[in-house]
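J.: Below you will find the structure I want to go over with you.
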Amino acid sequence: MKINDIDLDYTLASEILEDIKEDPMGDWFSLPDNFPDSELEKIKTVAERVRKNSDFLVCIGIGGSYLGARAVYEALDCADDDEKKTKLLFAGNNLSSRELKKLIKKLDGKDFSLNIISKSGTTLEPAIAFRILKAELIKRYGAEEAKSRIIATTDPEQGALREESEKNGYETFDVPLGIGGRYSVLSPVGLFPLAVAGVNIDALLAGARECKETQTSPDSLEDSMLISYAFSRFYLYDECGCDTEILASFEPSLLYFNEWWKQLFGESEGKNKQGIFPASVIYSTDLHSLGQFLQEGRRNIFETFLKFSPEKFPLVVPEQKDSTDGLEYLSGVSLPEISEKACEATIRAHDAGGISTFEIEVLDSDSEFGISERSLGFLIFFFETACAISALLHGVDPFNQPGVEKYKKEMYKLLGR
Ligand code: PA5
């Protein structure tokens with residue numbers, strides 16, 4: 001199935017975009033071109049302070065409160081970049097004592113600060129991790145300095161974390177009232193830790209702005225890949241019984257981008273016994289595992305491939321004298337060239353196997369690595385908007401998550417709250 005085969009209703013698309021803008025939880029839509037300058041300045045100033053006094057910033061949050069920052073941090077390989085001094089660590093996204101102990105060990109002998117990110121301020125996983133890490137911070141720096149090393153990102157008006165922050169004079173950032181967790185990466189929720197990690201947050205917002213302008217402005221809808229994607233995936237679900245979407249790419253550093261994407265679509269669409277199940281693969285690794293299922297398993301799947309500009313200085317298959325490995329035909333060929341062919345071959349094979357495929361290509365020729373702040377900002381806004389449109393086509397609210405509350409209620413009962 002090719003996108004062009006599907007009749008798209010551009011009037012409906014434009015009405016839905018208006019609904020998103022007017023939704024009380026639709027403020028994320030205005031972030032790329034309306035981010036308050038003063039807030040951006042504050043993010044940079046506080047980030048600079050943390051960079052000066054910390055080897056690590058521990059980001060404590062779960063779901064939408066951490067996945068966006070982690071997606072960008074990992075996609076840009078910041079942890080391996082020696083020029084980026086302060087590294088991020090992520091806590092409060094599970095209940096594993098082992099994981100938290102490992103993290104605390106990494107902090108041994110290092111300077112660190114905490115960024116607790118929770119809109120509600122009451123989510124159990126981050127609240128527990130915060131309490132434990134706060135004790136570590138106090139042990140290391142004493143109660144007063146510890147307070148100056150805590151930055152809280154939370155509801156601007158209320159909640160336990162707001163209250164604690166005010167009482168102790170923590171530095172704070174607001175999670176704007178009209179922005180929910182999984183749409184918050186381009187707010188202080190994601191931008192502050194990323195700025196600490198040395199990510200160019202202006203370029204991230206510029207990428208998102210470019211997406212907004214080229215994909216959602218009223219005169220661009222007929223050429224908009226975003227609108228095609230949002231409507232076509234709903235068509236595949238509604239008319240063709242495809243209830244699973246696989247996000248596929250050939251870069252291992254996109255693992256957490258996949259996780260962010262799965263949370264975005266899973267929490268936004270999976271309601272009222274409806275929705276497309278979001279799954280992901282990293283090829284070519286997964287061609288040797290899930291690849292078999294995709295090629296010949298149940299035909300309820302469609303696949304969305306992410307593609308970027310090629311890396312500028314890639315590794316090349318070296319020449320080898322007297323070789324016996326049969327690779328001489330690839331001597332001098334770069335890995336991205338081989339990977340590109342593998343991608344093309346996969347799309348052809350899956351297409352022949354009856355899988356509809358989308359290709360979303362985000363080019364940034366200025367970037368040395370292909371995956372850049374600009375391309376990620378573009379993709380974040382692309383998927384946020386496509387997801388909101390898609391949920392509205394399903395007739396569900398893209399911005400709530402009533403199902404998540406159900407497990408919490410049961411858990412609190414068992415824990416005796
Ligand atoms: O997308 C969402 O709204 C959720 O994933 C929340 O971000 C997540 O549950 C964490 O909530 P909070 O920030 O209130 O701790």
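The values are calculated or read from the model by the stated rules, or taken from the named source; none is laboratory data. Quick caveat: nothing in here was measured; it's all calculated off a predicted structure. Cβ coordinates were reconstructed from backbone atoms using ideal geometry, including for glycine residues, and neighbour counts include every protein chain displayed.
J.: If residue 71 satisfies all but one of (1) assigned to a helix (DSSP H, G or I); (2) of a type in the set (A, V, I, L, M, F, W, C); (3) free of Cβ contacts under 8 Å to residues at least 60 places away in the same chain, what's the number of the condition it fails?
T.: In the conditions (1) assigned to a helix (DSSP H, G or I); (2) of a type in the set (A, V, I, L, M, F, W, C); (3) free of Cβ contacts under 8 Å to residues at least 60 places away in the same chain, residue 71 misses (3) alone.
J.: Can you pull out the residues in region 304-347 that are small (Gly, Ala, Ser) and touching a Leu at 6+ places or on another chain (Cβ under 9 Å)?
T.: Listed by number, the residues that qualify are 309, 334, 342.
J.: Follow-up question, since we're still on this one. Here are 236, 254, 264, 226: which of them is assigned to a helix (DSSP H, G or I) and over 21 Å from residue 395 (Cβ atoms)?
T.: Checking each option against the conditions leaves just 254.
J.: Could we say that residue 348 is part of a helix (DSSP H, G or I) and either modelled with pLDDT under 95 or not hydrophobic (A, V, I, L, M, F, W, C) (or both) here?
T.: For residue 348, the condition - part of a helix (DSSP H, G or I) and either modelled with pLDDT under 95 or not hydrophobic (A, V, I, L, M, F, W, C) (or both) - is met.
J.: Could I ask something else about it? What is the one condition in (1) more than 16 Å from the ligand (Cβ to nearest atom); (2) outside any helix (DSSP H, G or I); (3) surrounded by 14 or more Cβ atoms within 10 Å (Cβ to Cβ) that residue 110 does not satisfy?
T.: Tallying (1) more than 16 Å from the ligand (Cβ to nearest atom); (2) outside any helix (DSSP H, G or I); (3) surrounded by 14 or more Cβ atoms within 10 Å (Cβ to Cβ), residue 110 fails exactly one: (3).
J.: Which one of these does residue 222 not meet: (1) surrounded by 21 or more Cβ atoms within 10 Å (Cβ to Cβ); (2) in contact (Cβ under 8 Å) with a residue 60 or more places away in the chain?
T.: It is condition (1) that residue 222 fails.
J.: Could you give me the residue pairs with C-beta distances under 8 Å whose first residue belongs to region 39-52 and is part of a helix (DSSP H, G or I), whose second residue is among the small types (Gly, Ala, Ser) wherever it lies, and which are 6+ apart or on separate chains?
T.: 43/195; 44/195; 47/195; 50/113; 51/198
J.: Residue 56 fails exactly one of the following numbered conditions: (1) closer than 15 Å to residue 171 by Cα; (2) away from the ligand (no atom under 16 Å from the Cβ); (3) in contact (Cβ under 8 Å) with a residue 12 or more places away in the chain. What is the number of that condition?
T.: Against the list (1) closer than 15 Å to residue 171 by Cα; (2) away from the ligand (no atom under 16 Å from the Cβ); (3) in contact (Cβ under 8 Å) with a residue 12 or more places away in the chain, residue 56 comes up short only on (1).
J.: Take the conditions over 25 Å from residue 82 (Cα atoms) and away from the ligand (no atom under 13 Å from the Cβ) and apply them to residue 169. Does it pass?
T.: When the stated conditions are applied, residue 169 passes them.
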